[in-house]
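A short reminder: the numbers here are calculations on the coordinates, not readings from a lab. Given the structure is predicted, the values throughout are model-derived calculations rather than measurements. Because the Cβ atoms are built from the backbone with ideal geometry, glycine has one as well, and the counts that use them run over all protein chains shown.
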Amino acid sequence: MNSISTVILVGGVGSRFSAINEPPKQLSKLNKNIILINIMNNFKRFGLNHFIFPLGSKKSFFIKFFNDQKNIKKYNFNIIKDGFKNYKLQPNKINISYFDAGENTKKFVRIKKSFNYTDNSDMLVTYGDDLANVNLKNLIKKYNLTNKKKAIVTTYKKRSQYGHLIVNKSGDVKKFIEKPLHEHPINIGFYLFPKKILMSYNKNNLELESHFLPKLTKLNLLKSYEHKGYFYSINDKKELMNAKIKLKHI
């Protein structure tokens, strides 16, 4: 079993997908399995089977899901309670730690608090509403090449949903390009963070994407890993339907 634990960020309200009293999108069905199980199964393929959930909004839905005896048996869960100890991890199961991180706690702080539920000095972090077949073996390999002194962010070159025009100064269309790749890749998460770097920032008001990552960039502490497989972000039910059509095999 790999020594890296994985934080799955599921604490958001998700108001574009469902009402506050309705189940969160991460527990929605996507073809053969629910979104969250699809995410964990991809990690498990690479020997990563310890997942930490810093819960926030809709936490009761997740707690009920994790502790349901039918789900424990069906998905081979091992729910770790009463404090984390390495010996509680079972190599052939999906090991789950969860805690209440607070309703309005920022993602950066949720990640830092998650280190209380692992003995590892590195943390893999992903979003709970994104589906991608990232090669985690290669991602970790690139991380190790930095001697674990820099963080890693996974990027993805996305196609535009529009046809683009190249127009000269006179307004003449010189070229039409149907749904080209955007010039710059997008951030799809799948972060690898050294504990030392995360803990060196004590401010609890830092936003992960808009504050912390730019800080690492300025200090030359952030490397990128390019993902070339599929990627689908589930923000609303229209995007869920699109993912169901495109990902019929999972």
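Looking at segment 26-86, the trypsin sites (Lys or Arg not before Pro) that sit in a DSSP loop and have at most 13 other Cβ atoms within 10 Å of their own Cβ are 32, 45, 81, 85. The number of Lys pairs in segment 122-183 with C-alpha atoms less than 27 Å apart, excluding pairs fewer than 8 positions apart on the same chain, is 22. Note on the chain: antiparallel DSSP beta bridges, both residues inside, total approximately 45 percent of the bridges counted.
Taking segment 117-178, how much of its Cα-Cα pair set, in percent, is spaced more than 16 angstrom apart?
Numbers: 1251 of 1891 pairs.
Taking all Cα-Cα pairs of segment 117-178, the fraction more than 16 Å apart is 66 percent.
Can you pull the Rg over Rh of the chain, Cα-only, Kirkwood? Don't skip to the end; give the middle numbers.
Working: Rg = 19.4 Å, Rh = 19.4 Å.
That ratio equals 1.00.
Extension gain for residue 90 to residue 71 (0.36 nm times residue separation, less C-alpha to C-alpha distance): 5.2 nm. The simple Förster model, with R0 at 41 Å and r as the Cβ-Cβ distance, assigns residue 235 and residue 196 a FRET efficiency of 0.80. For the chain, modelled as a Gaussian network with Cα springs under 10 Å, which listed residue fluctuates most, 125, 167, 134? Maximum fluctuation in the GNM of the chain, among the listed residues, is at 167.
List the aspartates and glutamates whose alpha-carbon lies under 17 Å from that of residue 81, not counting same-chain residues fewer than 8 positions away? Excluding near neighbours in sequence, the set is 68, 100, 119. Need the C-alpha centroid separation for segment 125-142 versus segment 53-97, integer Å. Result: 21 Å between the Cα centres.
May I ask you to derive the FRET efficiency for residue 147 and residue 174 from their Cβ-Cβ distance with R0 = 41 Å, giving the value to the nearest 0.05? Before the final figure, lay out each step's value.
Numbers: r = 48 Å, r/R0 = 1.18.
So the FRET efficiency works out to roughly 0.25.
Quick one: length gained pulling residue 164 to residue 218 fully straight, 0.36 nm per residue minus the C-alpha distance?
Values: separation 54, 0.36 × 54 = 19.44 nm, distance 3.27 nm.
Here the segment from residue 164 to residue 218 would lengthen by 16.2 nm.
Between 0 and 90 degrees, the angle of helix 237-246 with respect to the longest Cα principal axis of the chain falls at about 80 degrees.
Could you give log10 I(q)/I(0) at q = 0.15 Å⁻¹ for segment 93-220, computed by the Debye formula over C-alpha point scatterers of equal weight, without solvent? Result of the Debye calculation: -0.83.
Largest GNM mean-square fluctuation among 214, 180, 91, using the chain with Cα springs under 10 Å: 180.
Set the Förster radius R0 to 22 Å, insert the Cβ-Cβ distance between residue 120 and residue 186 as r into 1/(1 + (r/R0)^6), and round the FRET efficiency to 0.05. Can you show the working numbers first?
Values: r = 28 Å, r/R0 = 1.26.
The value I calculate is 0.20.
Annotation: segment 1-102 has a Kirkwood hydrodynamic radius of 14.2 angstrom, from the mean reciprocal C-alpha pair distance.
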